[in-house]
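Here the structure is laid out as structure tokens; the discussion comes afterwards.
The values are calculated or read from the model by the stated rules, or taken from the named source; none is laboratory data. Only a predicted model underlies this, so the values are computations on that prediction, with no experimental measurement involved. All Cβ positions, even for glycine, are placed from backbone atoms using ideal geometry, and neighbour counts span all protein chains on display.
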Amino acid sequence: MKKSNVILVVICLVGLWVVSCVKENDGINTNVNQIDKSSTAQLLKQMKTYGFEGMYVLSYKVGHKSTVCGGKCTWSGNGWVHQDCMSYGSDCSKSSTVSISKNIPDDTTDIYYTATGIYDYEPTEDSIFYLPARSLNIENDTCENGYIWLNIPEQVLRRNEVSNQFIYNEISFTAEPLFENE
């Protein structure tokens, strides 16, 4: 066999190998991360005609199996322990009804809101709740894309000593999610 024929056969074989490894384009852009809209917030009652103050039902997933963290993912004061249905992960579905208000009323430069729980038993009956960072999708026809995101940074929720309700701090509203909900 001539040297030029051997080179041609090798080029053809490499070409076939490359073509067989290319995934067929099914019309979905796989380079763009898909936005998870399974964590939601539903506006029950708007308090003002502008802004995002109001009553909401927050629905999200939290928690992981104790084997994931070796049973030592949360500091309890006496040592490291695992708390079911708290912290990172998505093993448990939770729901909380909250009242959201502006930290500094009528200050347009302040982007943060605070939420106060409405019911004692949401999201848990415990005195604290380890909430991972969550972005919750809200359907909103007044927004350009038809939705907005309620973002809650990771925090340890503690009950208010007077009202016995959980307090959620530094909530923000954005056009895109700030957290991956993992």
Residues that are under 15 Å from the mean Cα position of the chain (by Cα), over 12 Å from Ser39 (Cβ atoms) and hydrophobic (A, V, I, L, M, F, W, C), drawn from the stretch 132-177: Ile148, Ile171, Phe173, Ala175
The stretch 133-143, residues that are surrounded by fewer than 17 Cβ atoms within 10 Å (Cβ to Cβ) and either at positive phi or hydroxyl-bearing (Ser, Thr, Tyr) (or both): Thr142
Residue, farthest from Pro132 (Cα to Cα), within the stretch 48-101, restricted to residues that are of a type in the set (D, E, K, R) and in a loop (DSSP other than H, G, I, E, B): Lys48
Residue within the stretch 112-132 that is modelled with pLDDT under 85, hydrophobic (A, V, I, L, M, F, W, C), surrounded by 12 or more Cβ atoms within 10 Å (Cβ to Cβ) and in a loop (DSSP other than H, G, I, E, B) present: no
Test: Ser66 is over 18 Å from Ile152 (Cβ atoms), without any contact (Cβ under 8 Å) to a residue 24 or more places away in the chain and surrounded by fewer than 17 Cβ atoms within 10 Å (Cβ to Cβ): yes
Condition check for Ile104: touching a residue at least 40 places away in the same chain (Cβ under 8 Å) and either touching an Asp or Glu at 6+ places or on another chain (Cβ under 9 Å) or outside any strand (DSSP E or B) (or both): no
Subset of the stretch 142-175 [in contact (Cβ under 8 Å) with a residue 60 or more places away in the chain and either assigned to a loop (DSSP other than H, G, I, E, B) or of a type in the set (S, T, N, Q) (or both)]: Ser172
